[in-house]
Amino acid sequence: MSDFSAADHAWMARALQLAERGRWTAEPNPRVGCVLVRDGACIGEAWHVRAGEPHAEVLALRAAGGDTAGATAYVTLEPCSHYGRTPPCADALIEAGIARVVAAATDPNPRVAGRGLDRLRDSGVAVAAGLMAAESERLNAGFFRRMRDGLPYVRAKLAASLDGRTAMASGESRWITSAEARRDVHRWRAASGAIVTGVDTVIADNPALTVRDVSGDFVPPRRVVIDTDLRTPPDAGMLADERGVVLIHGGTMPAREHDRIHAGAELWQVAPGPDGHVDPKGVLEALAAAEVNEVWLEAGSRLTGAWLQAGLIDELIVYLAPHLMGHEGQPLLTLPGLDLMQDRIGLNWMDTRRVGNDLRLTMAMRDEAEDG
């Protein structure tokens, strides 16, 4: 890794701020920012707004007005070197006379994977990479996961009382958390490529799983129901609107299949796992194949617990409300087989903050290697 100056850090931090602006709109592309600097001053900056539109580097060059010879480009992800939806950004930087490129992270896309930096070097551009790479990867956790592992990044949302209950013993659960916390959930939904729930939640709550109370532009996430035996009621609210629903089933095709299709549902078949339910890893592989980077899992305690124990959840986001619902209420998660202390599932704190009158707790799954 090259030595970077304080100015390099400051300009890359600005590029990351710009990249953040594409959080809701860049899907399925990565969120990328670019700053062009010459003689210590910014001469152009931009971020990637939407798939199919120009990348951050090209927009920054346009913002500079064509006078870019000898400038340094700070970009949060390696410039692309291939023709995809748009021409290669590496070529655009070379043609613009950029003298130096500082990239935060190397692109994990196998079609790029260092080739963009190589093309720049071969053309005489000074190249340095690795500055604030962790921040770039964090901003694009789903894109990196999909490119490296063929799976999306999964965040599981849970809402509970202080004593860890998600519903009363009667099943009543509205509303556990504050209106502010619910608005925060919609912001997370808007930043996701897919919202996933289970058929039991659809039957019990008839959720819309739409994005509401969010100002500004965003790419509407897919709505996905894990429904092994296609039990989603034909009159479910999600089937009645025009936003589209994906029902992931295990291969059993009841006679009402065509009614579901006519109601706007898209049927995906994923083979069942050993327990007879749709294999969760197969679900994620199917979503990755559909270019979904980030999944927002908003389901019941059993489905969420099963995904957690299968090692398929990357983050837990728990909204904790300051009230008590009693020991007979429904638990946060269903996690069978945790009988001994050594069976505990480890988590790492990522963030804790107050949202309205609730706490939002963000935790990452702990790697077994961390436990020694």
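For the range 335-366, give me each residue that is open to solvent by 70 Å² or more (accessible area, probe 1.4 Å) and assigned to a strand (DSSP E or B). Result: Trp349, Met350, Thr352, Arg353, Arg354, Leu359. When each of Leu320, Leu335, Leu297 is tested for being more than 17 Å from Gly164 (Cβ to Cβ) and of a type in the set (A, V, I, L, M, F, W, C), the lone residue that passes is Leu297. Just one of the listed residues (Arg174, Arg222, Arg189) is open to solvent by 40 Å² or more (accessible area, probe 1.4 Å) and modelled with pLDDT of 90 or more, and it is Arg222.
All of Ala60, Ala105 fail the test of being over 24 Å from the mean Cα position of the chain (by Cα), under 14 Å from Ala15 (Cβ atoms) and open to solvent by less than 30 Å² (accessible area, probe 1.4 Å), apart from Ala60. Here the range 108-121 is the region considered, the condition is being open to solvent by less than 60 Å² (accessible area, probe 1.4 Å) and closer than 26 Å to Ile43 by Cα, and the residue that is modelled with the lowest pLDDT is Gly116.
The values are calculated or read from the model by the stated rules, or taken from the named source; none is laboratory data. Please read these numbers as outputs of a predicted model, since none were measured by experiment. Cβ coordinates were reconstructed from backbone atoms using ideal geometry, including for glycine residues, and neighbour counts include every protein chain displayed. Heads up: the accessible areas ignore ligands, DNA and RNA and are worked out on the full protein's heavy atoms, side chains in. Shrake-Rupley method; radii C 1.70, N 1.55, O 1.52, S 1.80 Å.
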